[in-house]
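Colleague: Let me give you the structure first, and then I'll get to my questions.
The values are calculated or read from the model by the stated rules, or taken from the named source; none is laboratory data. No experiment lies behind these values; they were computed from the predicted model shown. Cβ sites come from the backbone with ideal geometry, for glycine too, and all protein chains shown count toward neighbours.
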Amino acid sequence: TFTTRALAQPLTNADELIDSVETFIFDCDGVIWKGDKLIGGVPETLDMLRSKGKRLVFVTNNSTKSRKQYGKKFESLGLNVSEEEIFASSFAAAAYLKSIDFPKDKKVYVIGEDGILKELELAGYQYIGGPEDGGKKIELKPGFLMEHDEDVGAVVVGFDRYFNYYKIQYGTLCIRENPGCLFIATNRDAVTHLTDAQEWAGGGSMVGALSGSTQREPLVVGKPSTFMMDYLANEFGISKSQICMVGDRLDTDILFGQNGGCKTLLVLSGVTTLPMLQSPNNAIQPDFYTNKISDFLSLKAA
Ligand code: PLP
Ligand code: CA
């Protein structure tokens, strides 16, 4: 069975929405910034919400940076956000391993960039792989057998601009041959927007390679899976009905909010356009939509 949601409504009375929740979770790219550029009106909007006593949380599926590195990015954009308010999928991967008491004497094989390595290190985990495996080539001679570390108990896959066949084979050997080895994905975004000239293959492309070779589905820790939502609700002691999830993407952000039982607001400052939202092919309807979060400053009751 499934429930059909009402069609998304244009946000007309922001104060009513703001008063109805105690926490706002903001997706980052497409809501707070676009690439390295701050979206207009964001600092004033966040200040207003803080002055009303709202808790602000920032969630991103982009695993290339750690919490600390994102803290620097917020700071460089003139935003006053602390590391503890930031939940990136890199952090989520390490937090997930902690949550299941992943043994410290096991290793993690990383297919991904620096953010994942930094978070694993901070959590006290041993890892191998990462960008340094990007230069490795396999020389196929007759009888060649690739060795792999039998102490690898988890393979974490995220967006990786240094992805290659070596990493696919190494990760596949770990998942297939090490008993109980976990297969964890930071996110499965099909595309990302590295430049605004075109869509670029996202983290889902690296995850798809490994799921293709292992014939296993990963455990996803990023949006739209509920792991980060459960984690942060628990960490801050907040009830999910008191959260509004704000994002620019239907299949990650809005689904993430809906999977968590939160209110949802789609902003059109990122990848989703109004025709995409209103297309008969789209089944994901947020509660509300608006152009950008700074509409909070102008949309008052009539
Ligand atoms: N993954 C990568 C590699 C990205 O570059 C981006 C956006 O820049 C994302 C995921 C999506 O990030 P967010 O969840 O903040 O929209
Ligand atoms: Ca986004």
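Colleague: I'd like to check something: does segment 76-93 contain any residue that is in a loop (DSSP other than H, G, I, E, B) and at pLDDT below 95? Even if it seems obvious, please write down each step before you answer.
Modeller: Taking segment 76-93 and keeping what is in a loop (DSSP other than H, G, I, E, B), we get 77-82.
Imposing the further condition that a residue be at pLDDT below 95 reduces the set to 80.
Yes; the residues of segment 76-93 include at least one that is in a loop (DSSP other than H, G, I, E, B) and at pLDDT below 95.
Colleague: Further question: When you go through 216, 249 one by one, which is the residue that is among the basic types (Lys, Arg), under 18 Å from residue 110 (Cα atoms) and either more than 16 Å from ligand 2 (Cβ to nearest atom) or under 12 Å from the mean Cα position of the chain (by Cα) (or both)?
Modeller: Numbers: 249 fails: under 18 Å from residue 110 (Cα atoms).
After applying the criteria, what remains is 216.
Colleague: Can you give me the number of residues within segment 199-238 that are assigned to a loop (DSSP other than H, G, I, E, B), free of Cβ contacts under 8 Å to residues at least 60 places away in the same chain and surrounded by 18 or more Cβ atoms within 10 Å (Cβ to Cβ)?
Modeller: Counting residues in segment 199-238 that are assigned to a loop (DSSP other than H, G, I, E, B), free of Cβ contacts under 8 Å to residues at least 60 places away in the same chain and surrounded by 18 or more Cβ atoms within 10 Å (Cβ to Cβ) gives 3.
Colleague: Can I ask one more? Take the residues in segment 167-190 that are touching a residue at least 60 places away in the same chain (Cβ under 8 Å) and either farther than 19 Å from residue 110 by Cβ or of a type in the set (S, T, N, Q) (or both); name whichever of them is surrounded by the most Cβ atoms within 10 Å (Cβ to Cβ).
Modeller: To start, the set of residues in segment 167-190 that are touching a residue at least 60 places away in the same chain (Cβ under 8 Å) comprises 170-171, 174, 182, 184, 186-187, 189.
Then drop every residue that is not either farther than 19 Å from residue 110 by Cβ or of a type in the set (S, T, N, Q) (or both), which leaves 186-187.
Numbers: 186: 33, 187: 28.
Taking the candidates together, the pick is 186.
Colleague: Can residue 264 be described as within 16 Å of ligand 2 (Cβ to nearest atom) and farther than 21 Å from residue 89 by Cβ?
Modeller: Values: within 16 Å of ligand 2 (Cβ to nearest atom): yes; farther than 21 Å from residue 89 by Cβ: no.
Taking the combined requirement at face value, the residue does not satisfy it.
Colleague: Any residue at all in segment 95-106 that's more than 20 Å from residue 153 (Cβ to Cβ), surrounded by 21 or more Cβ atoms within 10 Å (Cβ to Cβ), in contact with a helix residue (DSSP H, G or I) (Cβ under 8 Å, 6 or more places away or on another chain) and in contact (Cβ under 8 Å) with a residue 40 or more places away in the chain? Give the steps one after another, and end with the answer.
Modeller: As a first pass, look at segment 95-106 and keep what is more than 20 Å from residue 153 (Cβ to Cβ): none.
Within segment 95-106 (the criterion being more than 20 Å from residue 153 (Cβ to Cβ), surrounded by 21 or more Cβ atoms within 10 Å (Cβ to Cβ), in contact with a helix residue (DSSP H, G or I) (Cβ under 8 Å, 6 or more places away or on another chain) and in contact (Cβ under 8 Å) with a residue 40 or more places away in the chain), the answer is no, since none of the residues qualifies.
Colleague: Next up: Please specify each residue of segment 21-49 satisfying the condition of being within 16 Å of ligand 2 (Cβ to nearest atom), assigned to a loop (DSSP other than H, G, I, E, B) and surrounded by fewer than 17 Cβ atoms within 10 Å (Cβ to Cβ).
Modeller: Once the filter is applied, which keeps residues that are within 16 Å of ligand 2 (Cβ to nearest atom), assigned to a loop (DSSP other than H, G, I, E, B) and surrounded by fewer than 17 Cβ atoms within 10 Å (Cβ to Cβ), segment 21-49 yields 35, 36.
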